[in-house]
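S.K.: Before anything else, here's the structure in question.
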Amino acid sequence: MPHILILGGDGYLGWPTAMYFSHRGYDVTVVDNYFRRNACLELDTGMLYPVPTLVQRAKIWHEKTGNEIKVVIADLQDPAVMRSLFSGSIRYNWAVNEEFSGVPEVVVHYAEQPSAPYSLINHRYANITLTNNLLVTNNLMFAVRDYARDTHIIKLGTMGEYGTPNIDIEEGWIEIDHKGKKDRFLFPRQASSLYHTTKIMDTDLLWFGVRMWNLRVTDLMQGPVYGIETEESKTDDRLRMIFNYDEVFGTILNRFIVQAVADYPLTVYGKGGQTRGYLNISDTLQCVHMSAETPAQKGQLRIFNQIMETFSANELAEKVQRVGKNMGYDVKINHIENPRKEAEEHYYNPTYQGLIEIGVNPHYLTDEVMEGMFRTVVKNKSNIRTDVIFRGIKWG
Ligand SMILES: NC(=O)c1ccc[n+]([C@@H]2O[C@H](COP(=O)([O-])OP(=O)(O)OC[C@H]3O[C@@H](n4cnc5c(N)ncnc54)[C@H](O)[C@@H]3O)[C@@H](O)[C@H]2O)c1
């Protein structure tokens, strides 16, 4: 069984990824320090439903499937913790078999502070974002360099690294013809927040590691993810992923559907022409899986744009309004003053073929998918706190 190490395994994407790989026969280890949960408590963001701890979820998964997901609760900013995951000196917080699973063939790096508004609350939160994200990535790079040079690093980047340039966005790289000579460079990045800036710096760090030490890295430039369930989470409510609908940690479509159910006018920022690429959480899992099954070469930084379709904020709001109305909700749309500094009307034409070429089969944002999300939110309607939906964290 290949061993996969998932950093950030308690998170929105980390836990469903752990179950997905476990279900498909991988030996899975997850690591998390509950940064996200603690930040939600500190900022009083609320969640759609309570989620058992990571250890509890691993136990439930084991009871239901017989499969083991080993759990480590520790801070990956500590180099000793990161190194122990590769050297074998790690101590598990929960495992059926306490023996080291061996050097992982694949490591999926989700363990970051993932919110743009969080990174711009004030100087303190900017520092937390910068130190956390860069230290975790650097610790991972050195641990792999020193103990596991064959290990394939799959790192989650974001489409937000590119910003919204007035030219087509390529998949990670661009060939430049300059004064009669040609070379291939990372596609220009110009982040829209400090969080996104750390993702650019992650890419640069790992690109350095690839050039210096022949590491093998896949960088998944992911768009905002939507969805509340996966094949595995549907089997038991206690296995559901963390789900936020607040301004700090919620992603746009997840937020709009909660707003619609709570009879809260959809919070479209400014003119609403902001266009981004989106994907269903099931496709995140597929993309990571197909990347793991077809690893990058040694000395290769392989980059995929991980989106399945693009929408403007207005288009998403109109879809939610239409589907909500069909289900009996009188959904209103409110164009509020944009707290962010971003273009509200712009050109947007990214390429996203690479993942499909390695076998990903996209799910699209159909009415049926949205109705399913509505139904899950409705079941948990009594937990929705309208006071946390919008707080107006300003970029300026
Ligand atoms: N969700 C999205 O729409 C989206 C879009 C683009 C990119 N991404 C990227 O995907 C990754 C996962 O995103 P997510 O939505 O699951 O976020 P998340 O916050 O739910 O998951 C990240 C997990 O990492 C953990 N973590 C953070 N710092 C840690 C540390 N120092 N030590 C141990 N654990 C730590 C957190 O506690 C959390 O459980 C992030 O890197 C994010 O930037 C997410």
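S.K.: Out of the stretch 118-142, which residues are within 13 Å of the ligand (Cβ to nearest atom), open to solvent by less than 10 Å² (accessible area, probe 1.4 Å) and hydrophobic (A, V, I, L, M, F, W, C)?
M.R.: Residues satisfying the conditions are VAL136, LEU140.
S.K.: Filter the stretch 207-252 down to the residues that are in contact with a Pro (Cβ under 7 Å, 6 or more places away or on another chain), farther than 14 Å from TYR49 by Cβ and within 16 Å of the ligand (Cβ to nearest atom) and list them by number.
M.R.: Within the stretch 207-252, THR230, GLU232, GLU247, VAL248, THR251, ILE252 qualify.
S.K.: Identify all residues within the stretch 208-224 that are under 20 Å from the mean Cα position of the chain (by Cα) and open to solvent by 10 Å² or more (accessible area, probe 1.4 Å); write none if there are none.
M.R.: GLN222, PRO224
S.K.: Give me the pairs: first residue in the stretch 332-346 and surrounded by fewer than 17 Cβ atoms within 10 Å (Cβ to Cβ), second residue modelled with pLDDT under 95 and hydrophobic (A, V, I, L, M, F, W, C), beta-carbon distance under 6 Å, and six or more apart or on different chains, which are they?
M.R.: Note: pairs meeting the criteria are LYS341/TRP395.
S.K.: Just to verify a result, which residue in the stretch 50-72, among those that are of a type in the set (A, V, I, L, M) and more than 13 Å from the ligand (Cβ to nearest atom), is most open to solvent (accessible area, probe 1.4 Å)?
M.R.: Restricting to residues being of a type in the set (A, V, I, L, M) and more than 13 Å from the ligand (Cβ to nearest atom), the top hit is VAL55.
S.K.: Which condition does LYS234 not pass, out of (1) on the phi > 0 side of the Ramachandran plot; (2) without any contact (Cβ under 8 Å) to a residue 12 or more places away in the chain; (3) not acidic (Asp, Glu), if it passes all the others?
M.R.: Unmet condition: (1).
S.K.: For residues that are away from the ligand (no atom under 15 Å from the Cβ) and surrounded by 16 or more Cβ atoms within 10 Å (Cβ to Cβ), tally how many sit in the stretch 73-91.
M.R.: The total comes to 1.
S.K.: So, one more: Just name the residue that is nearest to the chain's Cα centre (by Cα) out of those in the stretch 279-297 that are open to solvent by less than 10 Å² (accessible area, probe 1.4 Å) and among the hydroxyl-bearing types (Ser, Thr, Tyr).
M.R.: THR284
S.K.: Check whether at least one residue in the stretch 192-211 is in contact with an Asp or Glu (Cβ under 6 Å, 6 or more places away or on another chain) and at pLDDT below 95, and report yes or no.
M.R.: yes
S.K.: Given the criterion of a type in the set (A, V, I, L, M), part of a helix (DSSP H, G or I) and touching a residue at least 24 places away in the same chain (Cβ under 8 Å), identify the matching residue among LEU205, LEU220.
M.R.: Sole residue among the options that is of a type in the set (A, V, I, L, M), part of a helix (DSSP H, G or I) and touching a residue at least 24 places away in the same chain (Cβ under 8 Å): LEU205.
S.K.: Answer yes or no as to whether ALA111 is among the hydrophobic types (A, V, I, L, M, F, W, C), in a loop (DSSP other than H, G, I, E, B) and open to solvent by 10 Å² or more (accessible area, probe 1.4 Å).
M.R.: Criteria met by ALA111.
S.K.: Please go through the stretch 174-207 and pick out each residue that is open to solvent by 30 Å² or more (accessible area, probe 1.4 Å) and among the polar types (S, T, N, Q).
M.R.: Within the stretch 174-207, GLN190, SER192, THR197 meet the criteria.
S.K.: If I filter the stretch 37-49 down to residues being touching a residue at least 40 places away in the same chain (Cβ under 8 Å) and open to solvent by 40 Å² or more (accessible area, probe 1.4 Å), which single residue comes out as farthest from ILE257 (Cα to Cα)?
M.R.: This residue is ARG37.
S.K.: What pairs come up if the first residue lies in the stretch 1-14 and is touching a residue at least 40 places away in the same chain (Cβ under 8 Å) and open to solvent by 20 Å² or more (accessible area, probe 1.4 Å), the second is β-branched (Val, Ile, Thr) and more than 12 Å from the ligand (Cβ to nearest atom), and their beta carbons are under 7 Å apart, counting only those six or more places apart or on different chains?
M.R.: Filtered contacts from the stretch 1-14: PRO2/VAL106.
S.K.: If I ask for residues that are within 16 Å of the ligand (Cβ to nearest atom) and assigned to a loop (DSSP other than H, G, I, E, B), which ones from the stretch 143-175 would you list?
M.R.: Selection gives TYR162, GLY163, THR164, GLU171, GLY172.
The values are calculated or read from the model by the stated rules, or taken from the named source; none is laboratory data. Just so you know, these numbers come straight off a predicted model, no measurement behind them. Cβ: placed from backbone, ideal geometry, glycine included. Neighbour counts: every protein chain shown. When the accessible area is computed, the model is the full protein with side chains, heavy atoms only, and any ligands, DNA or RNA have been set aside. Shrake-Rupley method; radii C 1.70, N 1.55, O 1.52, S 1.80 Å.
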